[in-house]
1. Among strands (runs of 3 or more DSSP E) lying entirely in the range 1-89, which contain 3 or more residues that are of a type outside the set (D, E)?
2. If the Cβ limit is 7 Å and pairs must be 6+ apart or interchain, which residue in the range 291-306 that is away from the ligand (no atom under 15 Å from the Cβ) pairs with which residue that is among the β-branched types (V, I, T) and modelled with pLDDT of 95 or more?
3. Can you pull out the residues in the range 44-55 that are within 14 Å of the chain's Cα centre (by Cα) and open to solvent by 20 Å² or more (accessible area, probe 1.4 Å)?
4. Looking at the range 391-403 only, could you name the residues that are within 24 Å of the chain's Cα centre (by Cα) and not in a helix (DSSP H, G or I)?
5. State the number of residues belonging to the range 407-433 that are surrounded by 15 or more Cβ atoms within 10 Å (Cβ to Cβ) and free of Cβ contacts under 8 Å to residues at least 24 places away in the same chain.
6. Restrict the check to the range 159-170 and report whether at least one residue is within 12 Å of the ligand (Cβ to nearest atom), closer than 23 Å to E49 by Cβ and part of a strand (DSSP E or B).
7. For W215, indicate whether it is more than 10 Å from the ligand (Cβ to nearest atom), over 30 Å from Y297 (Cα atoms) and either among the aromatic types (F, W, Y) or touching a residue at least 60 places away in the same chain (Cβ under 8 Å) (or both).
8. Here are some residues: L9, L38, L68. Which one is of a type outside the set (V, I, T), within 17 Å of T148 (Cα to Cα), modelled with pLDDT of 95 or more and surrounded by 13 or more Cβ atoms within 10 Å (Cβ to Cβ)?
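The values are calculated or read from the model by the stated rules, or taken from the named source; none is laboratory data. This is a predicted model, so every value here is computed, not measured. Here the Cβ is made from the backbone with ideal geometry for all residues, glycine too, and neighbour counts use every protein chain on show. Accessible surface is based on the protein model in full, side chains and every heavy atom, while ligands, DNA and RNA are left aside. Shrake-Rupley method; radii C 1.70, N 1.55, O 1.52, S 1.80 Å.
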Amino acid sequence: MSEVTMDKLVALSKSRGFVFPGSEIYGGMANSWDYGPLGAELKFNVKKEWWKMFVQERLDMVGIDAALIMNPKVWEASGHVATFTDPLVECKECHERYRADQIDLKAACAKCGRKGTFTEPSSFNLMLKTWIGPKEDASAVAYFRPETAQAMFVDFPQVLQTSRKRIPFGIAQIGKAFRNEITPGNFIFRTREFEQMEIEYFIHPSTWETVFEEWLAQMKRWIKHVGIDAAKIHDLEVPAADLAHYSKRTVDLEFEFPFGIKELYGIAYRTDFDLKNHGTHTGKEITYLDPETNEKYTPHVVEPTFGVDRTVLAIMCSAYHEETLTDEKGETDTRVVMRFPKSIAPIKIAVLPLSKKDELSSVARPLAERLAKLWKTEYDETQSIGKRYRRQDEIGTPYCITVDFDTLNDNAVTVRDRDTMKQERIALSELEGYLTKQFN
Ligand code: GAP
């Protein structure tokens, strides 16, 4: 088994339609990536599983779906206008820009090769600006949200009132976030437009340490559930000097990506920083009255945050396997197989008639349509059966169903398991029952 590299993953993503360069027919756009048919399914499954685990299955959680562009005053109150910055340096010779904390300022400029040409670091605000409406002046400035989190704070009073939840409870949201990153890169790892899955869990301040540990454990449960290699996860206790402006404690969950150990997720104790600030800026008290103790307080918050795109990348890195197969004649071949968990696999079932002959497709196509009502199913009748199996292995399809000439007599099909490559003959009438067992 050989290690996954970014070159292999990017090539597979492009050739099979997981992720490809955005706007490619116009020559692309730097660091813009589009999820193709398989990537869109994969990403959708990630979000679906996350919502199921953290919203549907928990009685103490509710979800929202808020506007992307919020009142700009939100970002003043949250501290993002003043402090959501990265240190920027520019090469005075070629004007290439870098993040000062990511390069050696004494080394040569990576673009023009000159030394000692960097400007003093300045603070660069990462929020993506736009104008709302027909005027392009200061009164019309707005920001694409740099995190989904703020809507959960701003909407807290309405959610509290309408959902009738009591503390402790959490609000979750999945959606796009935008950051004008100075140095995006490493495929979908760091982009200027990405998706987050975030939870703001509202608590009594006295409980934060326990709640923090509980959520950290839940994040690890999720990591296993979606097939991210847990042996490649490292906890990083973020040093006080590096904490975000709102955090009193942050643990980053880092993953061994092929380009290095980097942040996958984070969990932060945001105290009452956000609710207090929104209260001050709006002049509206945002508090909670405990119906049992009559104590009135500003809830504190533990925030587990998950990047969707980094999840997809870590899942793909973990799923990628190369295996050497030896046939009866002793000849060897390499099989690439994406061992996605079944719930995450973009295509669950492939229906493959042995040949393109009408007798077989007249059985196989209606079968594919029947199964597609229950699972994402692909129908493929071109190329040799061996090549079709390999393609399905490469895209991580758990089950291939072959309709052959025997099917016309015995009303049964062959079901091939992606991981073991074992084949079983199953009666057509029992197929849904058999597959339901496999997927559960
Ligand atoms: N609300 C807290 C927050 O936004 P963050 O660490 O800045 O915290 C949360 O971002 C997660 O969003 C990260 O752990 C990462 O998974 C993802 N993320 C952040 N910036 C990203 C980028 N430029 N491209 C892709 N994912 C990103």
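1. Details: elements: 19-21, 33-35, 61-63.
Once the strands (runs of 3 or more DSSP E) in the range 1-89 are filtered for at least 3 residues that are of a type outside the set (D, E), what remains is 19-21, 61-63.
2. K296/T287; Y297/T287; T298/I286; T298/T287; P299/I167; P299/I203; H300/I203; H300/T271
3. Keep residues of the range 44-55 that are within 14 Å of the chain's Cα centre (by Cα), which gives 44-51.
Scanning the range 44-55 gives F44, K47, K48, E49, W51.
4. Scanning the range 391-403 gives G396, T397, P398.
5. Final tally of qualifying residues: 4.
6. Residues of the range 159-170 that are within 12 Å of the ligand (Cβ to nearest atom), as a first pass: none.
No, the range 159-170 contains no residue that is within 12 Å of the ligand (Cβ to nearest atom), closer than 23 Å to E49 by Cβ and part of a strand (DSSP E or B).
7. On the way: more than 10 Å from the ligand (Cβ to nearest atom): yes; over 30 Å from Y297 (Cα atoms): no; either among the aromatic types (F, W, Y) or touching a residue at least 60 places away in the same chain (Cβ under 8 Å) (or both): yes.
Criteria not met by W215.
8. Values: L9 fails: within 17 Å of T148 (Cα to Cα); L38 fails: within 17 Å of T148 (Cα to Cα).
The match here is L68.
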